[in-house]
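Working notes, beginning with the structure itself.
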Amino acid sequence: MADPDYESIAQSGVASLQHGDAAAARIAFDQVVDAGRASVQLWLLLAQACEALNDDDAMITALAPVLQQEPHNLYALVMRGELDVRRGDDRAADSWFGMALSAANQSQSLPPNLVAKLNAAQEWTSQSAKRFSFHLRSQLALNGIEPGLTSARFSEAMDILEGRTQPQLQQPTSFYYPRLPQIPFYDSVDFGWIAELEAAVPAMRSEAAAVLADGKGLGPYVEADPTRPNKAHKLLGSADWTAFHLWRNGMEIEENAARCPATMAALAKLPMPRIHERSPMALFSILKPKTHIPPHWGMINTRLICHIPLIVPENCRLRVGNETRAVAGGAAMIFDDSIEHEAWNDSDETRVVLLLEIWRPELDATERRALTTMFEAIGNY
C-alpha cells in the first residue's frame, strides 16, 4: 500500500484555509503532523487554523515547535503576542511583541502583511506602556507616594521602568575601575573644602574676566593629537569651546598661573590627583553663545570633575546621565564625567567655569597610591 501523499494533503489544507474552512484545514494539517512530516511552515499554518477555530491551547501547541526551531520567527512571535492580547495578558503580550519588534529591526525587507502586523504590535505596546504607567502611578498615589517628591533616585528608577529613559552607567573611554557607585551629580555639601572655594569666586571671577577680555592663552578645548587617530568631534579645533589652562598634564602653566594668583591659591588647597605628566588638571572652560557640547564620556572613572561657574548667563545647562541641571554662578557642581554628559550655552553671552579634577572620595589612600603608580607606569611605557 502506497504512503499517503502528504504534500498533496498539506496543499489541500492550505486551499481550505484560503477558502475560510479552518476545520478542514486543521484536519489536513493534523494528518501531516501525526505522520511526523510537519515543517515550520506547516506548524504555522496549523496555528492559523487553530486561531480561526478559537482553540487557543492548540494554537500554543502548534507555535511551540516553530519558536523552538526558529526563536526569532516574526510570524510566530506576533501570533503568540496577539493571542495574549485576546486573553488580556498585557505583560505576556508585551514580551512577545517586544521580541518580534527587536528582531524585525535587524531584517532587511519584510512582506507587507507582516509589516502591518508589526505596526499594529508597535502601536499596541505603546498603549500598553501608558496603561502600565497609569496603573503604577495610581497605586503609588493611593499610598501617598509621589515619585518626584520621594527622591531623585526613585523618580529616575520609575522613568527607567516605564521606558522613558535608559540606565546611564559609567563608560570611561580609557580606564575602568570597578565597584564604584554610579552617581551622576555629587552633593557639594559633602566636600568640606567647597565652602572656602566658593568664597573665592569673586576674586576668581575677576581673573577669568580679565583672561576673557584679552583672549591671550586661549586654545581649543578639543585639540587634535598628531600622534594618534582622532575621533570625530564637532568642536574639534573650534573656537566655540576654548580652554585657558592653569594646570595641564600635571604641569603648572606658569605664564597663565601668574595671571590668576587667587585661583591658583584656591586650587592649592584641593584634593587634586598628583600624577606625573597627567594630573593636576585645572582650567577655565569657555563656551561661546549658542554652543552645545555633544554627549560624551570622560577617559577614567577614578576622578570626579568639579565645575565652579564664574561667568554664567542664564540658559546654561549641564546634563549628566538622566539628570539635567541649570548652571548657577558661584555654585559648585561635582559630577562623574565617565557617565555620559553634555552641556549647553543657549544664551547670547559667553559662559566661563573653572574646571578641575579631584580624587573620588570612595578611593582610600592605599588605592590612590596604587592608581598613581599605575597611571605613571602607563605614561612611562
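All of the numbers you see were taken from the coordinates with simple rules; none came from a lab. Note that the structure is predicted; figures quoted are calculated from it, not measured. Here the Cβ is made from the backbone with ideal geometry for all residues, glycine too, and neighbour counts use every protein chain on show.
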Centre separation in Å (Cα based) which lies between segment 166-218 and segment 92-165: 36 Å
Can you give me the three principal axis dimensions of segment 131-255 from its C-alpha atoms, in Å, biggest first? 63, 42, 30
Inter-label distance, nm, simple model (7 Å from Cα along the C-beta direction), K269/T173: 3.4 nm
Two decimals is fine: what is log10 I(q)/I(0) at q = 0.08, 0.14, 0.15 Å⁻¹ for segment 232-381, from a Debye sum with one equal scatterer on every Cα and no solvent? -0.23, -0.73, -0.84
Chain lengthening between H296 and E376 when straightened (0.36 nm per residue, less Cα-Cα): 26.3 nm
Angle check, please: helix 152-161 long axis (alpha carbons) against the longest principal axis of the chain (alpha carbons), in degrees 0 to 90, nearest 10. 30 degrees
What FRET efficiency would be calculated for the residue pair R369, I27, taking the C-beta separation as r and a Förster radius of 51 Å, to the nearest 0.05? 0.05
Virtual spin-label span in nm between T227 and I60, 7 Å along Cα→Cβ: 6.5 nm
At a Förster radius of 22 Å, what calculated FRET efficiency corresponds to the Cβ-Cβ distance of T324 and T150, to the nearest 0.05? 0.70
Which order do the peptides 302-315, 262-275 take when ranked by the mean count of other beta-carbon atoms within 10 Å per residue, highest first? 302-315, 262-275
Counting all Cα-Cα pairs in segment 2-96, those more than 15 Å apart amount in percent to 58 percent
Fluctuation leader among F335, F29, F132 - the chain, Gaussian network, Cα springs under 10 angstrom: F29
Around G192, what is the net charge, scoring Lys/Arg as +1 and Asp/Glu as -1 over all other residues with Cβ under 14 Å from its Cβ? -3
Acute angle (nearest 10 degrees) that the helix 40-52 long axis makes with the longest principal axis of the chain, alpha-carbon atoms: 80 degrees
Of all beta bridges DSSP finds with both residues in the chain, what is the antiparallel percent, to the nearest 5? 95 percent
Ranked from highest to lowest mean number of other Cβ atoms within 10 Å per residue, what is the order of the peptides 57-70, 345-358, 141-154? 345-358, 57-70, 141-154
D187 to D159: FRET efficiency via 1/(1 + (r/R0)^6), r the Cβ-Cβ distance, R0 30 Å, to the nearest 0.05? 0.90
May I ask you to list the lysines whose Cα is less than 26 Å away from that of K288, ignoring any residue fewer than eight positions away on the same chain? K216, K231, K234
Checking W96, W359, W344 against a Gaussian network model of the chain (alpha-carbon springs below 10 Å), the top fluctuating residue turns out to be W96
